[in-house]
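Participant: Sending over a structure as structure tokens; questions will come in a sec.
Every number in this text was worked out from the coordinates using simple rules, so none of it is lab data. Quick caveat: nothing in here was measured; it's all calculated off a predicted structure. Every residue, glycine among them, receives a Cβ derived from its backbone with ideal geometry; neighbour counts consider all protein chains shown.
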Amino acid sequence: MTKIAIIIGSTRPGRNGESVARWVLEHAEQRTGVEYELVDLKDWELPHLDEPMPAAMGQYVGEHTKAWAAKVGEFDGYLFVTPEYNHSTSGVLKNAIDYVGAEWNNKAAGFVSYGVFGGARAVEHLRLVLSTLQVATVTAQVGLSLAHDFENWALKATPQQAAALTPLFEQLESWSTALAGVRSAQDEDAEEQAA
């Protein structure tokens, strides 16, 4: 079964990310043939990147890095729930992405963002970062406006926003499933070269 992480990309006290992610999960759980799981960066003790070797080398030494790599590696795709801070994503999300390398490769990602302008610039930045990690990002996305989709900092998503989740899920699920074949073919090639 295709497995997709909903990654909460903020650890700020009083954050909106958790309520947004739980709203996404509530709708995702109605889907069949796919499993969605919340992954809250608040639950992962990832200090500022402290690995001596670049993540692309795959030579992780920290136990926190090894645990994070195992968690990232469990999934076929990712749905990033990101705030927009200063025309970009959060530092904690960028740090978590930078920690590991191959575990992200040849997988798919989608985005639900929030901010003054719906978090559009955070998603734009994330698309660039993830492309370097060989993550295919889908075009459908949901952007929640702090001015229109929240009331007293509480999420009040409209039916239109909920409906916009459907094409996002559909694209993310189909790409995540298709890319499993790419990873499988690469594994077979690596086995042949090692033999």
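Participant: Positive end of the dipole of segment 2-194, charges at C-beta (+1 Lys, Arg; -1 Asp, Glu), about the Cα centre: which of ILE6, GLN186, ALA163 has its Cα farthest in that direction?
Facilitator: Of the candidates, ALA163 comes out farthest on the positive side.
Participant: On to the next question. Sort ASP43, ASP98 so that the residue with the fewest other Cβ atoms within 10 Å of its own Cβ comes first and the one with the most comes last.
Facilitator: ASP43, ASP98
Participant: Which GluC sites (Glu not before Pro) does segment 1-57 hold that lie in a coil by DSSP with at most 14 other beta carbons within 10 Å?
Facilitator: GLU29, GLU45
Participant: If each residue's Cβ is checked for other Cβ atoms within 10 Å, how do TRP23, TRP104 rank with the fewest at the top?
Facilitator: With the fewest neighbours first, TRP23, TRP104 line up as TRP23, TRP104.
Participant: Enter the Cα centre distance for the pair segment 98-165 and segment 1-71, rounded to the nearest angstrom.
Facilitator: With segment 98-165 and segment 1-71 each reduced to a Cα centre, they are spaced 14 Å.
Participant: Could you state, as a whole-number percent, how many of the C-alpha pairs of segment 142-192 are farther apart than 16 Å?
Facilitator: Tail of P(r) above 16 Å: 60 percent of Cα pairs.
Participant: For q values of 0.10, 0.14 Å⁻¹, compute log₁₀ I(q)/I(0) with the Debye formula on a Cα-only model of the chain, without solvent.
Facilitator: Log10 of I(q)/I(0), two decimals: -0.40, -0.78.
Participant: Next question. For LEU41, LEU172, LEU165, which order do you get if you count the other beta carbons within 10 Å of each Cβ and list the fewest first?
Facilitator: LEU41, LEU165, LEU172
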